[in-house]
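Below is one structure, written out as structure tokens, with a few remarks after it.
The values are calculated or read from the model by the stated rules, or taken from the named source; none is laboratory data. Please read these numbers as outputs of a predicted model, since none were measured by experiment. So basically every Cβ, Gly included, is an ideal-geometry build from the backbone, and we count neighbours across all protein chains shown. Quick note on the areas: whole protein, heavy atoms, side chains included, nothing else; ligands and nucleic acids left out. Shrake-Rupley method; radii C 1.70, N 1.55, O 1.52, S 1.80 Å.
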Amino acid sequence: MIAALSTCPVQGHKKRLPQVDFEVLFGEAPGELFPECRELIKQYDFSNDILQGTSREQVFLRVLKTLAEDLEVAGTHRKQRWEDGWAENLNEFQCSDYDVTALIPKFVRPQEIIRLHGEYVRPVSPYFEVNVVKILRYWMFQKWFQPIDHIYEFGCGTGHNLVDAASLFPNRPLFGLDWSQSSQKILRLLNEKHGLNVVGRNFNMLEPDQTFALRPRSGVFTVGAMEQLGYQYHGFVNYLLSQGPSICVHVETLYELYDQQHLFDYVAAKYLEKRNYLRGLLETLRILEREGRIHILATLRTFGSLYHDGYSMVIWKPLKENR
Ligand SMILES: C[S@@+](CC[C@H](N)C(=O)[O-])C[C@H]1O[C@@H](n2cnc3c(N)ncnc32)[C@H](O)[C@@H]1O
């Protein structure tokens, strides 16, 4: 389980010290967070209550009741769902005069319980998840993509992750791949209306187009996209191996990181099983590392929304790199 953090009671709440929290989340030494991350942390309210006693039990009960229901499973049959969801964001983006906040996916639910440091917590701010993810993105890009010439997000959805990549690296070519046409329409508008150096392209991670070549010194990332592949991630991993990017960062739920001896992790692992979410990726990467084909640079367990830790990270690189 993850180490507990320092807490300081304020008016009956247990409040956490933001900067220290983020250093722990990202495995950084004290004081080593990037200045941009420190600035963002100051702007948002990250205070939260750790749920205890009956409140904690009620959350477990809610999660267990959900697990007992028929849940929709991930797979090709859900492609239209993504298309419809991103079409809705596209419409809002156009109606709001291209306000990038309209690109926040609807599955990020404000005011929801969060999984953090082995506890269920109730954030004070309704935008807690969105804001933590923003800092995570800034950290990830600065930590792993500084020396990279071309950045690719697979399963990019509305492209909101790429918007932050563009603000950090304004001139760097960005590519957003997704199997949804609406995603490509949004990316075209991000280019036309905001001048972002971004190109969208249709790409199915279940049947990777081997003719789509990554440029030299590329960085690849996914956020909650491999999650949708269940056990069918091998073709995509093989595609990445054949392309030899300089870095791959997956911000994904990682089944192998759940310690199922603990109820808190057991329910998350069961949720992945029920929804046919990503399972086995970390094990596959470890095998590839033992075979001398890749190097795993880090695995991190950060935080999650109510049912699972969707923002864990594995960072790796193929040993045969396209330079
Ligand atoms: C949970 S959303 C994440 C979107 C985006 N990365 C984000 O952080 O908001 C999952 C994304 O993966 C895409 N996706 C799911 N299966 C895919 C596949 N087989 N090929 C390409 N994209 C896929 C969906 O269209 C959707 O955009």
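Take every DSSP beta bridge whose two residues both sit in the range 7-318; close to 55 percent of them are antiparallel.
Which trypsin sites (Lys or Arg not before Pro) in the range 51-139 pass both tests, a DSSP loop state and at most 12 other beta-carbon atoms within 10 Å?
LYS106
In this simple spin-label model, placing a label point 7 Å from the Cα along the Cα-to-Cβ direction at both GLU36 and TYR98 gives a separation of 2.1 nm. Distance from the C-alpha centroid of the range 115-170 to that of the range 234-249: 21 Å, rounded to the whole angstrom. What percentage of the solvent-accessible surface of the range 7-318, computed with a 1.4 Å probe over protein heavy atoms, is contributed by carbon and sulfur atoms? About 49 percent, which is the carbon plus sulfur part of the accessible surface. Projecting label points 7 angstrom from Cα along Cα→Cβ for GLU192 and GLU273 puts them 4.8 nm apart. Where only DSSP H runs of four or more residues are counted, the chain gives -12000 deg cm²/dmol as its mean residue ellipticity at 222 nm, each run worth -39500 (n - 2.57).
Over the chain, accessible surface divided per residue gives 45 Å², non-protein components excluded, 1.4 Å probe.
For the range 14-96, the list of GluC sites (Glu not before Pro) that fall in a loop by DSSP and count at most 12 other C-beta atoms within 10 angstrom reads GLU32, GLU69, GLU72. Going down the list LYS106/LYS143; LYS79/LYS274; LYS65/LYS274; LYS134/LYS185; LYS143/LYS317; LYS79/LYS185, which pairs span over 21 Å between their C-alpha atoms? Cα-Cα > 21 Å for LYS106/LYS143; LYS134/LYS185; rest within. Proximity of backbone amide H atoms, modeled 1.01 Å from N, is registered between LEU319 and ILE294, HIS295 at under 5 Å, excluding neighbours fewer than 5 places apart on the same chain.
Looking at the range 239-323, the GluC sites (Glu not before Pro) that sit in a DSSP loop and have at most 16 other Cβ atoms within 10 Å of their own Cβ are GLU291, GLU321. Evaluated over the Cα positions of the range 7-318, the convex hull gives a direction-averaged projected area, one quarter of its surface, of 16.4 nm².
Under 5 Å between amide hydrogens, built in the peptide plane, is the criterion, and for PHE175 it picks out ILE151, TYR152, GLU153, VAL199 among residues at least 5 positions away or on other chains.
Between TYR127 and ARG81, the C-beta separation translates, for a Förster distance of 30 Å, into a calculated FRET efficiency of about 0.80. Note on ASP70: accessible area approximately 150 square angstrom, rounded to 10, probe 1.4 Å, nucleic acids and ligands left out.
Multiplying the residue separation of ASN322 and PHE212 by 0.36 nm and removing their Cα-Cα distance gives an extension gain of 38.2 nm.
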